Amino acid sequence: MNGSPRPAASPPQVALLTATGICKHFGDFTANDDVSFRIGAGEIHALLGENGAGKSTFVKMVYGLLHPDSGMFEWRGAPVVIRNPQHARDLGIGMVFQHFSLFQALTVAENIALAMPPGESIESLSDRVRAMSSEYGIGVDPDARVHNLSVGEQQRVEIVRCLLQDPALLIMDEPTSVLTPQESEQLFGVLRRFA
């Protein structure tokens, strides 16, 4: 033992989201059975499992689309019941779904505007889309019509739409299921920059 003082231990960081004992049943089928984990700021996690393993069910509970039968969530250290998607967004939870919800006849900016609070002009929103695209290397043209975009480009629109809402936690359901290997690699790069 030497006489040098030990550096003070830093206090443990409060998790963004903690799940404890989460269970969800659909009749006799158990989708989630005693799921527990913690997600801290700046972390990237992946839920792995076969089709039907309950991954989508779990993230839908985090986003307030479904409710657990038992167990609890904590948001930033405080118990929370996530009532619905709007409540999730108000908390700072954003979600990009496996099946996109874009209107094909509209432009990228018009689609994004539908998810934003009213009052911002399309021109201002387009400028924000360009800035975010540049910052994260996403490459989204706010003036493009969605029906002219590839599946990977449409997913990037969904990501930008979610990021413009400034979430503390970003959930992506099956993010690579419709992407080419190159698009998947680009997505992982974006996620690393976001984290």
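The values are calculated or read from the model by the stated rules, or taken from the named source; none is laboratory data. The structure presented is a predicted model; accordingly, all values stated were derived computationally and were not measured. Every residue, glycine among them, receives a Cβ derived from its backbone with ideal geometry; neighbour counts consider all protein chains shown.
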Test for Gly52: is it within 24 Å of Ala195 (Cα to Cα) and assigned to a loop (DSSP other than H, G, I, E, B): no
Any chance Ala144 is at pLDDT 90 or above and in contact with a helix residue (DSSP H, G or I) (Cβ under 7 Å, 6 or more places away or on another chain): yes
Out of Ser134, Ser150, Ser126, sole residue that is surrounded by 19 or more Cβ atoms within 10 Å (Cβ to Cβ) and at pLDDT 80 or above: Ser126
Given (1) surrounded by 19 or more Cβ atoms within 10 Å (Cβ to Cβ); (2) more than 18 Å from the chain's Cα centre (by Cα), number of the condition Phe103 does not satisfy: (1)
When residues of the stretch 29-75 are limited to those that are charged (D, E, K, R) and either closer than 19 Å to Asp90 by Cα or in contact with a helix residue (DSSP H, G or I) (Cβ under 8 Å, 6 or more places away or on another chain) (or both), the one surrounded by the fewest Cβ atoms within 10 Å (Cβ to Cβ): Glu74
Residue selected from the stretch 77-86 under the condition at pLDDT 95 or above and under 16 Å from the mean Cα position of the chain (by Cα), by the criterion surrounded by the most Cβ atoms within 10 Å (Cβ to Cβ): Ile82
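Here's the yes/no breakdown for (1) within 25 Å of Ala195 (Cα to Cα); (2) part of a strand (DSSP E or B); (3) at pLDDT 95 or above:
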site: Gly3; (1), (2), (3): no, no, no
site: Arg6; (1), (2), (3): no, no, no
site: Ala9; (1), (2), (3): yes, no, no
site: Lys24; (1), (2), (3): no, yes, yes
site: Ala31; (1), (2), (3): no, yes, yes
site: Phe37; (1), (2), (3): yes, yes, no
site: Ile44; (1), (2), (3): yes, no, no
